Structures are given as C-alpha cells and as structure tokens.
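Notes for the one structure printed next.
The values are calculated or read from the model by the stated rules, or taken from the named source; none is laboratory data. As the structure is a computational prediction, the values presented were derived from the model and not from experiment. Every residue, glycine among them, receives a Cβ derived from its backbone with ideal geometry; neighbour counts consider all protein chains shown.
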Amino acid sequence: MTRIDFYSNAEPKLQVACRLVAKIIQQGLRVFVYAPDENTARAFDKLLWTYQAIGFVAHCMARDALASETPVVIACEDVEVAHHQVMINLHADSPPSFSRFERLVELVGAGDDDRQLARSRFRFYRDRGYEINHYDLSKAGV
C-alpha cells in the first residue's frame, strides 16, 4: 500500500519540491512530479535546471523520448511512467493514479486555502486506510 507523506509549511512550494527531488534521487529512487497545469510543470522543469549551482538533477517532461530512462519525470496529466517509486503531488486534488506508487509526497503551503485543500486530501487518504506521515517544515528543514 502507498505510504503518504505530508510536508506542511512547504514554502516556496516549488523550491521545497526541488530539495525533496534531489534528496530522493540521491537514495537511488525515481520520481514522478504531478503538476496542476502546463505552466507549473514548465516552471518546475526550469527550476530544476537552475536549482543546484554545482550538480544536475536529471529530469524531463513525461512525453519526452527519454522519460523511461530519466530519474525525474514531470507531467500535468495522469500518464503511465516507467517506474512507480515516488510521486510528488503539486496538484490541489489527489492524483488519480497515486496508488500505483510506493510513496506519495504531498506538499502543503502555509496559506489557509492550501491547508484546507490538504485537509481534504488527508481525509481522502485516511478514509481509505493509507499510512500517513506528517512533517512540519517550519520545525525541521527538508
């Protein structure tokens, strides 16, 4: 069953997602980043190119020919990917295919609207019996 990790006070959200992606791939795992729209997907793609001054986070968009060989894949639609290790959800809703993954990462900003949406996702997962962990980033860094 998918393990679900909520990270609250994840601000700025895309930068926190970059840090988490870098940590996850250092563990030899692969990541699927689920964005809410094309603009967010492209912004995250661009941010990963410039995230580390020294080093590189190998990534591509899901429709890229190299997606099956790339450790980080980004999409704004539900697509089949070559791995099912970690999904990072940047969307306001629960991803339709999250249960195919070993781990789902939910990032929650500090704003009230984002918290309300996250509470709804939390209840959705809890009511279905998923293991849920919570990490408050205001108390400990990523």
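Some values worked out for this structure:
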read-out: When residues of region 50-62 are limited to those that are more than 15 Å from the chain's Cα centre (by Cα) and surrounded by 11 or more Cβ atoms within 10 Å (Cβ to Cβ), the one farthest from Val16 (Cα to Cα); value: Ala58
read-out: In region 15-49, residue surrounded by the fewest Cβ atoms within 10 Å (Cβ to Cβ) [restricted to those that are out of contact with any strand residue (DSSP E or B) (no Cβ under 9 Å at 6 or more places or on another chain) and touching a residue at least 60 places away in the same chain (Cβ under 8 Å)]; value: Lys23
read-out: Criterion: buried (at least 19 other Cβ atoms within 10 Å of the Cβ) and part of a loop (DSSP other than H, G, I, E, B) - qualifying residue of Val105, Val81; value: Val81
read-out: Unique residue being hydrophobic (A, V, I, L, M, F, W, C), assigned to a helix (DSSP H, G or I), touching a Leu at 6+ places or on another chain (Cβ under 8 Å) and within 21 Å of Lys13 (Cβ to Cβ) when the list is Leu117, Leu47; value: Leu47
read-out: Test for His134: is it farther than 25 Å from Glu11 by Cβ and of a type outside the set (A, V, I, L, M); value: no
read-out: Cross-chain or 6+ apart pairs with Cβ under 7 Å, region 94-119 first and farther than 18 Å from Asp136 by Cα, then part of a helix (DSSP H, G or I) and of a type outside the set (Lys, Arg); value: Ser94/Phe124
read-out: Sole residue being at pLDDT below 95 and not in a strand (DSSP E or B), chosen from Ile24, Ile54; value: Ile54
